[in-house]
Amino acid sequence: MHETMRNELRSIPVFANVGTEHFREDELPDNPLPVIGDWILAAHAAGQQEPHAMSLCTVDASGIPSSRVLIVKDIDDDHLYFATPSDSRKGRDIAANPHVAAHFHWPEVGRQVRIVGTATDQGRAASDDDFAERGRGSRLAAHLHRPGPLPDRKAALAEFERLGSLHPGDVPCPPTWTLYAITPTEVEFWEASVDRVHHRVVYHRDSAHDGWRHELLWP
Ligand SMILES: Cc1cc2nc3c(=O)[nH]c(=O)nc-3n(C[C@H](O)[C@H](O)[C@H](O)COP(=O)(O)O)c2cc1C
């Protein structure tokens, strides 16, 4: 049984797609944030499903990590934004410890990005604006979030139905719906190469100079 799984796993190809365009050492920009957006759009153009989905790792008050996938809502020169209930596991983790790690993997183009930083609540007005941009189904579904176990699936379906009747028009924003901004302090770009000498460059925020410094890493 174990031998079969081992063989199955080892027969699955890795780096099946390797981009032909790689970052050039002499053309690396000063700020890594816009590159993340460029890579999401390049992955989308190459047919990557949900290229704006990133894993987010948080750490709870006792130091236990957990991760999950989230959609990135926006990227500007200093932040990446995501939205989630503040009373979710990740929301409670961030309240206790704002340090987070985030990660993108785009198999269609053989690329990944690793991010380390802090997450901060963007306040009520920004969270309401984010909620208003969600589709009706997603707005109703946000009201289904409750701490604790669900007795059975029928209960959630019935509650979704009830919420739909309760809010036939506008769906109010749950008070816990929160837009967060990640302020990265470290961003690493990785690209697969056909010769297996993969490309890596890491950026560190240089607070002394109010900017970033970068260096290449061994593959
Ligand atoms: C592709 C994808 C996108 C997701 N996007 C979000 C999102 O934007 N916000 C969110 O709260 N949960 C999102 N989820 C669900 C989360 O991964 C997670 O299950 C949920 O937020 C509960 O996480 P927590 O218990 O660790 O707080 C997404 C899941 C997937 C697979």
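Data table
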read-out	value
The listed residue being more than 20 Å from ARG205 (Cα to Cα), of a type outside the set (Asp, Glu) and out of contact with any Gly (no Cβ under 6 Å at 6 or more places or on another chain), out of PRO65, PRO29	PRO65
Residue among ASP30, ASP38, ASP87 that is in a helix (DSSP H, G or I) and either within 16 Å of the ligand (Cβ to nearest atom) or more than 14 Å from the chain's Cα centre (by Cα) (or both)	ASP38
Out of GLY117, GLY148, sole residue that is among the small types (Gly, Ala, Ser) and at pLDDT 95 or above	GLY117
Where GLU108 falls short, out of the listed (1) touching a helix residue (DSSP H, G or I) at 6+ places or on another chain (Cβ under 9 Å); (2) more than 16 Å from the ligand (Cβ to nearest atom); (3) part of a loop (DSSP other than H, G, I, E, B)	(2)
Any hit, the range 91-98, residues being within 10 Å of the ligand (Cβ to nearest atom), outside any loop (DSSP other than H, G, I, E, B) and more than 24 Å from LEU33 (Cα to Cα)	yes
Flag for ARG200 being surrounded by 15 or more Cβ atoms within 10 Å (Cβ to Cβ) and among the charged types (D, E, K, R)	yes
Test: residue in the range 118-132 that is assigned to a strand (DSSP E or B), within 16 Å of the ligand (Cβ to nearest atom) and in contact (Cβ under 8 Å) with a residue 40 or more places away in the chain	yes
Failed item in (1) within 16 Å of the ligand (Cβ to nearest atom); (2) exposed (fewer than 14 other Cβ atoms within 10 Å of the Cβ), with ALA155 passing the rest	(1)
Test: ASP74 is within 16 Å of the ligand (Cβ to nearest atom), of a type in the set (D, E, K, R) and within 20 Å of the chain's Cα centre (by Cα)	yes
Set ALA102, ALA43: member being touching a residue at least 60 places away in the same chain (Cβ under 8 Å), part of a strand (DSSP E or B) and within 15 Å of the ligand (Cβ to nearest atom)	ALA102
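The values are calculated or read from the model by the stated rules, or taken from the named source; none is laboratory data. Just so it is clear, the model here is predicted, and its values are computed rather than measured. Note that we place each Cβ from the backbone using ideal geometry, even for glycine, and neighbour counts take in every protein chain shown.
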